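Structure, as C-alpha cells:
The values are calculated or read from the model by the stated rules, or taken from the named source; none is laboratory data. Predicted, not measured: the structure shown is a model, and the values here were computed from it. Reconstructed Cβ throughout: ideal geometry from the backbone, glycine too, with neighbour counts over all protein chains shown. Surface areas here come from the heavy atoms of the whole protein model, side chains and all, with no ligands, DNA or RNA. Shrake-Rupley method; radii C 1.70, N 1.55, O 1.52, S 1.80 Å.
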Amino acid sequence: MDISTPSTAPKYSSSPIMMNPNPNSAAPTTVSAISSTPSRYENQKRRDWNTFCQYLRNHKPPLSFPRCNGTHVLEFLCYLDQFGKTKVHHQTCQFFGHPKPPALCPCPLRQAWGSLDALIGRLRAAYEAHGGKPEENPFGARAVRIYLREVRDFQAKSRGVSYTKKRKRTSKQAEGNNGTTTS
C-alpha cells in the first residue's frame with residue numbers, strides 16, 4: 001500500500017489503537033508498522049553515530065565526514081578509553097595476567113575489547129545506512145581491524161583470559177550429543 005495516498009479503509013480498522021497523547025482530542029491514534037519504535041540495536045547505533053559525529057565536530061581542526069579515515073577512527077577509540085571501566089594491567093604490574101587481582105593497582109581503566117568491537121560494528125552499519133560506500137568505510141579500515149586485534153590480545157594477556165573463537169558445531173556432533181550414551 002502506498003503511504004502517500006489516502007487509504008479507503010473503513011473508519012474502524014483492525015490496527016491496534018493507542019491513546020492519543022493530546023488530551024484535548026477525542027480521536028484515538030492507530031499504530032502502524034511504519035511508526036513502530038526502533039530496536040535497542042538501532043537506538044544504540046544512532047547514539048554511537050551521533051557521538052562520533054560530535055567527536056568530529058569537536059576535533060581540532062573540525063573534520064567533515066568525507067575527510068574522515070581510519071586514523072581518525074583510531075583517535076576516537078583512544079579518546080573513548082578515558083571512559084572505560086575495564087582494568088588493563090601493564091606488563092610491569094605485579095598483577096599482570098591475573099584475572100582477579102587480590103589488591104588495587106594504579107593501572108588504567110580502558111574500554112573493554114568487546115565493547116570496542118561492538119561499537120565498530122554498529123558504526124560500520126551506521127556509515128552504510130547514511131549512504132556511505134562499503135569499500136570506503138573508515139570503520140572497516142585495515143588499521144582499525146589490526147588495532148582491535150591488538151587490543152583483544154593485550155587485554156587477554158593482561159587479565160589472564162584467552163579469547164578463543166568458538167567453532168561451529170557440525171550436525172554430526174550435535175546428533176552425537178543428543179542424550180544417548182553407551183556404557
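Brief remarks on what is shown
- Take the Cβ atoms of Gln94 and Asp117, set R0 to 22 Å, and the FRET efficiency comes out at 0.15.
- Packing around the peptides 67-78, 39-50, taken as the average count of other Cβ atoms within 10 Å per residue, puts them in this order, highest first: 67-78, 39-50.
- With K and R counted +1 and D and E -1, the other residues having a Cβ less than 13 Å from that of Val88 yield a net charge of +3.
- Take the Cβ atoms of Ser39 and Phe65, set R0 to 30 Å, and the FRET efficiency comes out at 0.75.
- In this simple spin-label approximation, Cys107 and Arg46 carry label points 7 Å from Cα along the Cα→Cβ vector, and these lie 3.9 nm apart.
- Per residue, the accessible area of region 40-159 comes to 63 Å² when a 1.4 Å probe rolls over the protein heavy atoms.
- For the set His89, His130, the ranking by accessible area, highest first and with no ligand, DNA or RNA atoms included, is His130, His89 under a 1.4 Å probe.
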